[in-house]
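Visitor: Starting off with a structure, shown below.
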Amino acid sequence: MIPPKTHAALDAASAALLLAAPTALGWPSRVSRPLSALGLGVAAYSVLTRYDGGRAPVSLSEHRMLDAAQGALAIGLALRERDPVIRRTVAGYGLFSLAAAALTAPKGAPGLSVEGAALPIRNGDLVEVAEDVAYMRLAIVNVAFIGKAGAADRGWLLVDTGISGSGDAIRAAAARRFGSARPAAIILTHGHFDHVGALRDLAEHWDCPIHAHPEERPFLDGSRRYPPASPEVGGGMMANLSPLFPRGPLDVADRLRDLPQGGELPAVPEWQWIHTPGHSPGHISLWHAGRCALIAGDALSATRQESCYFAATQRPELHGPPAYFTPDWAAAEASARRLADLRPEILVAGHGPALAGAEFKAALARLAENFSSVAMPKHGRYVEGAFHDQSS
């Protein structure tokens, strides 16, 4: 981790270089002007930052997010640049800023390595993990399909809908598995942006209802936004950038239905839903007792979702819910314990590869038993005090 004084010196140097270097090097205005604007921005938020952690208008966690954001902007500028020298230089600066943001972040929850328990998957592949459940990775998140291959019309379910733009890939996978059959419903584990990206598109395409827990309804009928993100949890660039992620509200009230109170699911009576709050108030997981198969949504993670590297590579590690968007850690711990008590043989989480086998089962038992030290971050607005609903 970069010491605060070194961080302050690097910020001062960055601002000076952004303001002076493009002009000194004779770069065209299409590059020098946006870089100068970035330099002024770095100078402004650096002056407002208290690097020793004291009270100041800009906290260190907010500062890290701004470092990451301006690094991303620099990379975006570089990608549009034709001159190869300018492109490499500006991209290098952007990568430096992203690295600085990552290196100044606190460590996140350690999680548990489960390298030998992961089932192989590539982005966009449809992988069957049991006779009636398959899943696919779409960039940083998974969606699941419940129902035997070739199921008749209304005989299968889609679980979550990925990030925005996922609709075509999900439709294609559904067609490969079920032909022209439409789902009985789309089941939402919860309504965060990376699980509802293609929700309206798919619901309208298939003319099917959307089922969610009643406590998730306010975030899906346009009433409320989710609570603010908590980048203070650390762990990597995804956490640093989390204040930029959409929090809603989303409005699909015209197709939204409450899940039945008894745990039933439409079309697949052998499956049941289980209320697993913590990551969100109405978060659910899905369970098949006969197969000991668990679709956990974000109640558990199979990779370190706080890290861009882990999110991109899907390196297997067993964690609790993505920490930057988890507002109720007491409930999250209770949910993890409840799922561990089921003793699942197969896990499909919202993030990371599917897990199975003895190594996975041992890791899940350890995570539930040692949740506060293995899965919970040391810092964060929702860690250091009781949860207060801050949605707006």
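Taken together, the values in this text are just the output of simple stated rules run on the coordinates, not laboratory data. All values derive from a computational prediction rather than experimental measurement. Here Cβ is always computed from backbone atoms with ideal geometry, including for glycine, and neighbour counts include all displayed protein chains.
Visitor: Give me the percent relative contact order of the chain, please, defined on Cα pairs under 8 angstrom at least 6 residues apart.
Guide: Details: 850 pairs, mean separation 60.6, N = 392.
Here the relative contact order equals 15 percent.
Visitor: May I ask you to derive the FRET efficiency for GLU204 and ILE2 from their Cβ-Cβ distance with R0 = 45 Å, giving the value to the nearest 0.05?
Guide: 0.40
Visitor: Taking GluC sites (Glu not before Pro) as candidate sites, keep only those in a DSSP loop with at most 13 other Cβ atoms within 10 Å, then name the longest stretch of the chain containing none of them. Kindly include the intermediate steps, with their values, before the conclusion.
Guide: Details: sites that count: GLU131, GLU264, GLU270, GLU384.
Answer - 132-263.
Visitor: I'm spelling it out carefully: the read-out is P(r) over Cα pairs in 10 Å bins from 0, in percent, the candidates are (1) 5, 21, 32, 26, 11, 4, 1, 0; (2) 5, 23, 29, 23, 14, 6, 1, 0; (3) 5, 25, 34, 24, 9, 2, 0, 0, and one was derived from this structure. Which label?
Guide: (2)
Visitor: Now for a separate question. Sorted from fewest to most neighbouring beta carbons within 10 Å, what does the list TYR324, TYR382 look like?
Guide: Details: TYR324 27, TYR382 24.
Final ranking by Cβ density, sparse to dense: TYR382, TYR324.
Visitor: Count charges around SER166 for me, please; just the other residues with Cβ under 15 Å from its Cβ, Lys/Arg as +1, Asp/Glu as -1.
Guide: On the way: positive: ARG137, ARG171, ARG200; negative: ASP125, ASP160, ASP168, ASP194, ASP201, GLU204.
Neighbourhood net charge equals -3.
Visitor: A further question on this structure: Taking 0.36 nm per intervening residue step and subtracting the Cα-Cα distance, what contour gain separates ALA139 from GLU369 on full extension? Write out the running numbers ahead of the final one.
Guide: On the way: separation 230, 0.36 × 230 = 82.80 nm, distance 3.10 nm.
Net length gain for the segment: 79.7 nm.
Visitor: How much length, in nm to one decimal, is gained on full extension between ARG80 and ARG55, taken as 0.36 nm per residue of separation minus their Cα-Cα distance? Before the final figure, lay out each step's value.
Guide: Numbers: separation 25, 0.36 × 25 = 9.00 nm, distance 3.89 nm.
Length gained between ARG80 and ARG55: 5.1 nm.
Visitor: To continue, here is another question. Which part of the stretch 63-94 falls in the paramagnetic zone of LEU17, meaning amide N under 12 Å from the point 7 Å along Cα-to-beta-carbon?
Guide: It comes to 89-94, nothing else.
Visitor: Which aspartates and glutamates have a Cα lying under 20 Å from the Cα of LYS5, excluding residues fewer than 8 positions away in the same chain?
Guide: ASP52, GLU62, ASP67, GLU232
Visitor: What is the sum of charges, Lys and Arg at +1 and Asp and Glu at -1, for the other residues whose Cβ falls under 10 Å from the Cβ of ALA118?
Guide: Values: positive: ARG315; negative: GLU115, GLU317, GLU359.
Around ALA118, the charge tally is -2.
Visitor: Hey, another quick one. Trypsin sites (Lys or Arg not before Pro), restricted to the stretch 78-129: which are DSSP loop and have at most 11 other Cβ atoms within 10 Å?
Guide: Working: sites: ARG80, ARG82, ARG87, ARG88, LYS107, ARG122; in loops: ARG80, ARG82, LYS107, ARG122.
Filter output for the stretch 78-129: ARG80, ARG82, ARG122.
Visitor: Right, something else. Under 10 Å, Cα contacts only: if you run a Gaussian network model on the chain, which one of PRO281, PRO34, PRO218 comes out with the highest mean-square fluctuation?
Guide: PRO34
Visitor: Another one. According to a simple spin-label model (label point 7 Å from Cα along Cα-to-Cβ), what is the distance in nm between LEU103 and ALA172?
Guide: According to this spin-label approximation, the distance is 4.0 nm.
Visitor: Oh, and also: Assign one of three labels to the stretch 61-158, namely rounded, prolate or oblate, based on the Cα gyration tensor with a ≥ b ≥ c the square roots of its eigenvalues; rounded applies when a/c is under 1.5, prolate when it is not and a/b is larger than b/c, and oblate otherwise.
Guide: Values: a/c = 3.17, a/b = 2.02, b/c = 1.57.
Cα axes put the stretch 61-158 in the prolate bin.
Visitor: Report the antiparallel proportion of the DSSP beta bridges in the chain as a percent, rounded to a multiple of 5. Mind showing how you got there, number by number?
Guide: Details: 28 of 41 bridges.
Percent antiparallel among DSSP bridges in the chain is about 70.
Visitor: Step through the residues of the stretch 274-284 one at a time and calculate ³J(HN,Hα) from phi using the Karplus curve (6.51 cos²θ - 1.76 cosθ + 1.60, θ = phi - 60°), rounding each to whole Hz and writing x for Gly and Pro.
Guide: Those phi angles translate into 10, 6, 10, x, x, 5, 8, x, x, 5, 10 Hz.
Visitor: Another question about this same structure. If R₀ is 35 angstrom, what is the calculated FRET efficiency for the pair ILE163 and ARG343, using the beta carbon separation as r and rounding to 0.05? Don't jump to the answer; show the numbers that get you there.
Guide: Numbers: r = 32 Å, r/R0 = 0.90.
Working from the Cβ atoms, E equals 0.65.
Visitor: Looking at the square roots a ≥ b ≥ c of the eigenvalues of the Cα gyration tensor of the stretch 4-103, which shape do they give, rounded for a/c under 1.5, prolate if a/b is larger than b/c, or oblate? If you can, show how the numbers build up before the last one.
Guide: Working: a/c = 2.41, a/b = 1.89, b/c = 1.27.
Here the stretch 4-103 falls in the prolate category.
Visitor: Still on this structure, I have one more. All other residues with a Cβ under 14 Å from the Cβ of ALA105 taken together, and with Lys, Arg as +1 and Asp, Glu as -1, what is their net charge? It would help to have the intermediate numbers written out before the result.
Guide: On the way: positive: ARG64, LYS107, ARG304, LYS378; negative: GLU62, ASP67, GLU232, GLU306.
Once positives and negatives cancel, what remains is 0.
Visitor: Which of rounded, prolate or oblate describes the stretch 211-369 when judged by the alpha-carbon gyration tensor and an a/c cut-off of 1.5? Mind dumping the intermediate values first?
Guide: Details: a/c = 1.85, a/b = 1.02, b/c = 1.82.
It comes out oblate by the Cα gyration axes.
Visitor: Under a point spin-label approximation (7 Å from Cα along Cα-to-Cβ), what is the PHE245-THR313 distance to one decimal in nm?
Guide: Result for the modelled spin labels: 2.1 nm.
Visitor: Next up: Report the semi-axes of the equivalent ellipsoid for the stretch 191-283 in whole Å, largest first, where each axis is √(5λ) for an eigenvalue λ of the Cα gyration tensor.
Guide: Numbers: eigenvalues 136, 54, 30 Å².
Whole-Å semi-axes of the equivalent ellipsoid: 26, 16, 12.
Visitor: How much length is gained if the chain between GLN261 and GLU384 is pulled fully straight, taking 0.36 nm per residue apart and subtracting their Cα-Cα distance, in nm to one decimal? Display every interim value, and only then the final one.
Guide: On the way: separation 123, 0.36 × 123 = 44.28 nm, distance 3.33 nm.
Separation in residues times 0.36 nm, less the Cα-Cα distance, equals 41.0 nm.
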